[in-house]
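Values in this text are rule-based calculations from the coordinates and carry no lab data. Bear in mind that the values here come from a model prediction, so they are computed numbers and not experimental data. Reconstructed Cβ throughout: ideal geometry from the backbone, glycine too, with neighbour counts over all protein chains shown.
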Ligand code: KG4
Ligand code: ZN
């Protein structure tokens with residue numbers, strides 16, 4: 001029977017400051033004792049995107065409050081913890097540094113072990129936290145900064161099957177929202193508009209479907225939406241509500257179609273390995289999208305694999321996934337010292353390190 005572990009996790013790699021406490025009693029399913037997230041949406045609203053310097057300052061200001069809240073809500077003291085896990089990359093370097101410095105301070109003051117966690121591993125291990133998923137499973141990680149397929153074989157063992165060669169899908173949602181004058185983050189606002197629109201009115205491109213493999217491209221799609229908007233504005237002098245909803249619906253449908261077809265291909269590669277209980281999991285902010293979740297579930301069912309998507313608060317950035325990843329790393333014997341580095345780039349699959357696929361936003365993996 002494995003030891004009971006209680007881990008504090010910190011996350012500050014983009015525009016959410018988060019702290020959480022996760023406990024795993026022996027081999028039982030891990031439990032989230034608390035998960036506190038301070039979003040920064042309003043701070044960046046006037047700029048149309050995340051401003052790294054503003055993000056870093058806000059993280060530095062909010063981290064200790066976040067930690068105190070997470071500890072209080074979990075009803076634990078530092079003496080109840082086994083380790084402190086912190087996102088050490090990839091991400092906006094100022095934010096990652098804020099988290100790493102805070103975690104180092106806590107570790108130095110309490111004597112608790114420090115564990116640097118890859119933010120992508122946090123997302124990629126979420127199905128183990130939520131569903132107790134067994135290795136290996138296929139992960140589609142889709143967020144504002146990332147888009148890749150990974151076969152997850154262990155907490156430090158990932159094989160990358162493909163990814164985006166330019167933008168990440170969340171980035172495309174955010175840019176389309178900006179093009180159409182919708183609020184940030186773009187994913188939820190575009191999804192809400194799309195629900196009111198006709199996905200068949202505009203036929204946007206399905207990039208890279210004609211090319212073999214599991215790579216994606218989303219930047220042309222966003223440009224196609226921009227061109228269509230400009231054409232309508234030139235013709236009619238502006239966009240009606242219906243135009244906007246139809247543009248969102250057409251764009252979202254194109255993303256759904258591309259993700260579905262590439263997932264079908266990735267599932268076939270994964271299934272060829274003969275997993276005994278094939279499982280496909282999606283994670284990252286874009287996995288909150290209902291149309292995407294529903295379509296991926298259909299694809300997986302057709303291919304004979306189970307499908308899981310996180311509950312909505314665990315789709316977007318949070319510290320419970322970092323605490324959980326830290327817990328798995330702790331069990332694997334990983335410990336970092338006070339020389340832990342903050343890394344702007346940190347690919348999960350080291351063998352595929354030279355490949356594209358991180359998305360352009362924020363120079364990530
Ligand atoms: O995982 P996340 O919180 O941060 C990164 O690591 O990037 O993902 C944020 C991204 C944003 O681009 C946001 O627009 C997108 O996830 N997103 C969505 C939805 N909710 C959030 N995209 C599509 N549909 C949604 N419902
Ligand atoms: Zn993320």
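Observations on the model:
- Relative contact order of the chain, defined on C-alpha pairs under 8 angstrom at six or more residues apart (%): 25
- Taking the convex hull of Cα positions in segment 279-318, its mean projected area over all directions (nm²): 2.5
- Tilt relative to the chain, helix 320-331 - C-alpha long axis, 0 to 90 degrees, to 10: 50
- Counting every other Cβ atom within 10 Å of each residue's Cβ, 271, 341, 1, 321 order from fewest to most as 1, 341, 271, 321.
- Helix axis angle, 241-271 relative to the chain longest principal axis, alpha carbon, degrees: 60
- Percent RCO, i.e. relative contact order, over segment 107-205, from Cα pairs under 8 Å lying at least 6 residues apart: 15
- Peptides 302-309, 118-125, 253-260 ordered by average Cβ neighbours within 10 Å, highest first: 118-125, 253-260, 302-309
- Each DSSP beta bridge with both residues in segment 59-209 is either parallel or antiparallel, and the antiparallel ones are about 70%.
- Compactness ratio for the chain: Cα radius of gyration over 2.2 N^0.38 Å (N = residue count) comes to 0.98.
- Label-point separation, residue 261 to residue 31 (7 Å along Cα→Cβ), nm: 4.7
- At R0 = 35 Å, FRET efficiency that the Cβ-Cβ distance of residue 242 and residue 301 yields, to 0.05: 0.55
- Once the Cβ-Cβ distance of residue 233 and residue 78 is raised to the sixth power relative to R0 = 45 Å, the FRET efficiency obtained is 0.20.
- Over segment 18-168, relative contact order from alpha-carbon pairs under 8 Å, at least 6 apart, %: 16
- P(r), alpha carbons of segment 237-323 - 10 Å bins starting at zero, rounded %: 16, 37, 30, 12, 4, 1
- Sum of -39500 (n - 2.57) over DSSP H runs of 4+, divided by residues of the chain (222 nm, nearest 500): -13500 deg cm²/dmol
- Cα-projected label distance for residue 1 with residue 339, points at 7 Å along beta-carbon direction, nm: 4.0
- A full extension of the chain between residue 46 and residue 312 corresponds to an added length of 93.2 nm, given 0.36 nm per residue minus the alpha carbon distance.
- Between 0 and 90 degrees, the angle of helix 219-236 with respect to the longest Cα principal axis of the chain falls at about 40 degrees.
- Length available on full extension from residue 268 to residue 131: 0.36 nm per residue minus the Cα-Cα distance, which gives 47.1 nm.
- Among beta bridges that DSSP assigns inside the chain, antiparallel share in %, nearest 5: 60
- Rg over Rh, two decimals, segment 236-286 (C-alpha only, Kirkwood Rh): 1.26
- The Rg/Rh ratio of segment 149-234, with both radii computed over alpha carbons and Rh defined as the Kirkwood radius, is 1.06.
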